[in-house]
Amino acid sequence: MNGAERQIRAKAVHRRLLHGIAIALLESTRCPLALLQEELPDAAVVSIAHRETVARYHRQRWHFSRKDADSNVSSLSIQPL
């Protein structure tokens, strides 16, 4: 394996590891987002998640969608939670 191939493989392993850790933390009894709210109540927290369990720690949901194949337009909607 050359240097570029090792780097790509290391990134893939790292991504899988972080994904597993994030899921375990989100499903634990003490979510890191709750700890952030307690310790830094005025902080702006942005999270990217696919699980509804994260919604309770935010006041807004931003939904991004890809470009529509017909109109070539991307969209963003912001909804209060």
Practice prompt. Tabulate in residue order the Karplus-calculated ³J(HN,Hα) for the stretch 11-19, using 6.51 cos²θ - 1.76 cosθ + 1.60 with θ = phi - 60°, rounded to whole Hz; enter x for Gly and Pro.
Written response: 5, 5, 5, 4, 4, 5, 5, 5, 4
Response to the item:
For the Gln37, Phe64 Cβ pair and Förster radius 22 Å, calculated FRET efficiency rounded to 0.05 is 0.40
Response to the item:
Counting only backbone N atoms under 19 Å from a point 7 Å out along Cα-to-Cβ of Ser47, the residues of the stretch 6-23 in range are 16-23
Discussion item. Nearest 500 deg cm²/dmol is fine: what mean residue ellipticity at 222 nm does the chain get from its DSSP H runs of n ≥ 4 alone, each adding -39,500 (n - 2.57), divided by its residue count?
Written reply: -13500 deg cm²/dmol
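Since every read-out is calculated from the coordinates, none of them should be taken as a lab result. All values derive from a computational prediction rather than experimental measurement. FYI the Cβ positions are ideal-geometry reconstructions off the backbone, even for glycines, and counts take in every protein chain you see.
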